[in-house]
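What follows is a short report on a single structure.
The values are calculated or read from the model by the stated rules, or taken from the named source; none is laboratory data. None of these values were measured; they are calculated from a predicted model. FYI the Cβ positions are ideal-geometry reconstructions off the backbone, even for glycines, and counts take in every protein chain you see. Only protein heavy atoms, including side chains, enter the accessible area calculation; ligands, DNA and RNA are left aside. Shrake-Rupley method; radii C 1.70, N 1.55, O 1.52, S 1.80 Å.
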Amino acid sequence: MTMREKIEEAAARYPDQRSAIMPALLIAQEEHGHLPGPVLEEVADILGVERIWVYELATFYTLFHTEPVGMFHLQLCDNVSCMLCGSEDLLDHLETVLGIRKGDTTPDGLFTLSTVECLGACEMAPVMQVGDDYHAHLDVARINALLDSLRATVGAASVEHASARLPGE
C-alpha cells in the first residue's frame, strides 16, 4: 500500500480532513524517516488542507522530525522539575560522551541529541525519551548504561544480520 493510500485510508476515519493531519504525518514519517518540506506539502495535498496547517503540527510536536535523526533520538527533558534534578549536567555529560552538541547527530548516525520542553513525567525527573520509551530518575551511571545498551542493540542486530547470510555470500 502506498503512502497516499495509507493516508487516505486513515483520513476516511475522520469527519474533517484537518483532524487527519497527525495520523497522516505519522504515516509519512514512517515512510520517509523524517518530514522535509516536500513531504509536508504532499501530505497537505493528499488531505486537501492548507499547507500551513500541516507545517504547524509537524514543527510543534516533538514526535515529528523535519530533519533526519539518528537511529536513537535522545530527547532529554529540560523543564523545571528535570532541571532542578540535574538535567543540565546530564546534557553536558551526553554532549561530552557522544561528542556532539544538542541538536546534532553522531557521525555514525546512531544518536541524535535534543532537549524537549516537557515529557509530562515530573515525578520521574530527570527523564529522557528514546523512541517510545521513557528512561527515568537518570544520573550519569544510568545514562552510560543506557548508551551501552543501545549500542549493544545495534551490535546484536548486526551479528544477527550477518549470521542470517549463507556461507560464501
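Taken together, the residues in segment 20-67 that are of a type in the set (Gly, Ala, Ser), farther than 25 Å from CYS118 by Cα and in a helix (DSSP H, G or I) amount to 2. Within segment 1-13, residues that are free of Cβ contacts under 8 Å to residues at least 12 places away in the same chain reach partners that are loosely packed, with under 10 Cβ neighbours inside 10 Å and not polar (S, T, N, Q) with beta carbons closer than 8 Å, at six or more positions or on different chains, in the pairs GLU9/MET1. Restricting attention to segment 6-19, which residues are among the hydroxyl-bearing types (Ser, Thr, Tyr) and assigned to a helix (DSSP H, G or I)? Within segment 6-19, just SER19 meets the criteria. PRO38 - would you say it is free of Cβ contacts under 8 Å to residues at least 40 places away in the same chain, out of contact with any helix residue (DSSP H, G or I) (no Cβ under 9 Å at 6 or more places or on another chain) and over 27 Å from VAL154 (Cα atoms)? Against the criterion (free of Cβ contacts under 8 Å to residues at least 40 places away in the same chain, out of contact with any helix residue (DSSP H, G or I) (no Cβ under 9 Å at 6 or more places or on another chain) and over 27 Å from VAL154 (Cα atoms)), PRO38 qualifies.
If a residue has to be more than 20 Å from VAL154 (Cα to Cα), surrounded by fewer than 17 Cβ atoms within 10 Å (Cβ to Cβ) and out of contact with any helix residue (DSSP H, G or I) (no Cβ under 7 Å at 6 or more places or on another chain) to count, how many in segment 84-105 make the cut? Matching residues across segment 84-105 total 8.
Based on this model, can you work out whether ASP108 counts as of a type outside the set (S, T, N, Q), open to solvent by 80 Å² or more (accessible area, probe 1.4 Å) and farther than 21 Å from MET22 by Cβ? Spelling it out, ASP108 is indeed of a type outside the set (S, T, N, Q), open to solvent by 80 Å² or more (accessible area, probe 1.4 Å) and farther than 21 Å from MET22 by Cβ.
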